[in-house]
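FYI, it's all coordinate maths here, none of it is from the lab. For clarity, every value in this text was computed on a predicted model and none was experimentally measured. Virtual Cβ from ideal backbone geometry, glycine too; neighbours counted across all protein chains shown.
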Amino acid sequence: MMMAIRIFAVLVLVFLVSPIVVIFPLSFSSGEILTLPTPGWSLRWYEDFFTAGRWLEATRNSFVVGGFTMVIATTLGTLAAFGLNMARFPGKKTVLVILSLPMVVPVIVAASSMYVAFSAWGLTNTFTGLVIAHVIVAAPYVVITVLAAVQTLDMTLVRAALSLGATPVQAFREVVLPLILPGVIAGAVFAFATSFDELVIAIFLTGPGQFTLPRQMFAGLREMLSPTIAASAVIMVVLSVVLLLISEAARNYATRLQGGARQ
C-alpha cells in the first residue's frame, strides 16, 4: 500500500513539474520556433535576451517596479497586520475580508476597475500608477503572512519594553520586528514575486514605454513565437528558486535572532 502511495505521489509531482521542466530544453533550441524535439542546441536565445534592448529594458522595468512594490507593500502590510492584531473593534473580521479582496477578485476585474479609476487621476501609462496597482494587489499577501506571525507574538515582551521606558516605536523596532521577521521576509518575497509575475494589470495600465518582462513575453507570443520567450521563462524560474533560497536563508537567520531575543 505504501509503495502505491509513493508511486502516486511521484506521478503527481512529475505532472506538476513537467510544464516547468519542458521549457528548459526549448530555451536551448537552435530552431527558429518553439518545437519539440529540438532540431539542435544553441545559446543564441539567451544571447538575444541579454543583448536585445527590448528584453533588457523590460527586465529592468520589472525589477524596478517589483522593488518599489516590495518595499511599500511590506511596510504597509506589516503595519496593518500589527495594528489589526492589537486593535479590538466591531467589524474587525470585515476589515480583514476587505483587505483580502484583491487576492480573490478576478484580476481582469481589478485591472479594468483600476484602469477607470487611474485614468481619472492621470496615472495610466506611468510607472507610479503601475507601482500603486501592484501594491494594492501585493499588500494583502503581506498582511496575511505577517498577521500569522504577529498572532504568535508574546505581548508580554512588548509590555515589558514599554515599562522599561521604550517608546512604542522603539518597542516595535527592537522587540516586535525581530520576532516577526520571518513573516515579514516571507511577505516581502510574496510581494516582489506577485509584482514581477503580474501581466493583466500591466496590459491595462502601461504604455509602450513601460513594458515589464511578462508583458514583453506576451507581446512576443503575439508577434512571433520566438524561443527567446523560453529563455526568459527559464530566467524567471531560476529567479523564483533564488527568491525561495533567500527567503529560507533569511528565515533561518531570523529564527536565530528570535532565539537570542527570547534569551
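Amide H neighbours of Ser29 under 5 Å, at least 5 residues apart or on other chains, H built in the peptide plane: list them.
Correct list: Ser42.
Mind checking the dipole of the chain: about its Cα centre, +1 per Lys or Arg Cβ, -1 per Asp or Glu Cβ, Debye to the nearest 20?
Here the size comes out at about 780 debye.
Two-decimal Rg/Rh of the chain from alpha-carbon positions, Kirkwood Rh?
Rounded to two decimals, Rg/Rh equals 1.05.
Taking neighbour counts of Cβ atoms within 10 Å as a proxy for exposure, in what order, fewest first, do Trp45, Trp121 appear? Display every interim value, and only then the final one.
Working: Trp45 23, Trp121 11.
Arranged by neighbour count, lowest to highest, Trp45, Trp121 become Trp121, Trp45.
Put +1 on the Cβ of every Lys and Arg and -1 on every Asp and Glu Cβ in segment 43-262; which of Pro178, Val71, Pro227 then has its Cα farthest towards the positive end of the dipole?
The residue sitting farthest along the positive end of the dipole is Pro178.
Taking +1 at the Cβ of each Lys and Arg and -1 at the Cβ of each Asp and Glu, which of Ile132, Trp41, Gly31 sits farthest along the dipole of segment 1-160 towards its positive end, judged by Cα position relative to the Cα centre?
Value: Ile132.
From the phi of every residue in segment 89-103, what ³J(HN,Hα) in whole Hz does the Karplus formula 6.51 cos²θ - 1.76 cosθ + 1.60 yield, where θ is phi - 60° and glycine or proline is x?
7, x, x, 4, 5, 5, 4, 4, 5, 5, 5, 8, 4, x, 7
How charged is the neighbourhood of Gly66? Take every other residue with its Cβ under 12 Å from the Cβ of Gly66, and add Lys/Arg as +1 and Asp/Glu as -1.
Details: positive: Arg60; negative: Asp197, Glu198.
Every neighbour counted, the sum reads -1.
Once phi is turned into θ = phi - 60°, what whole-Hz ³J(HN,Hα) does the Karplus curve with 6.51, -1.76 and 1.60 give for every residue of segment 72-79, x standing for Gly and Pro?
5, 5, 5, 5, 5, x, 5, 5
Given 0.36 nm per residue, what is the gain on full extension from Val105 to Ala219 after removing their alpha carbon distance, in nm?
Between Val105 and Ala219, full extension yields 38.5 nm more.
When you count, for each residue, the other Cβ atoms within 10 Å and take the mean per peptide, how do 158-166, 190-198 rank with the highest first?
Highest mean packing first, the order is 190-198, 158-166.
Could you tell me how many degrees, from 0 to 90 and to the nearest 10, lie between the Cα long axis of helix 177-197 and the main elongation axis, the longest principal axis, of the Cα atoms of the chain?
30
Ordered by residue, what ³J(HN,Hα) values in Hz, to whole numbers, does segment 25-34 give under the Karplus form 6.51 cos²θ - 1.76 cosθ + 1.60, where θ = phi - 60° and Gly and Pro are x?
Listing the rounded values in order: x, 4, 6, 9, 6, 8, x, 8, 10, 7 Hz.
Based on other C-beta atoms within 10 Å, arrange Ser232, Ser119 from fewest to most.
Ser119, Ser232
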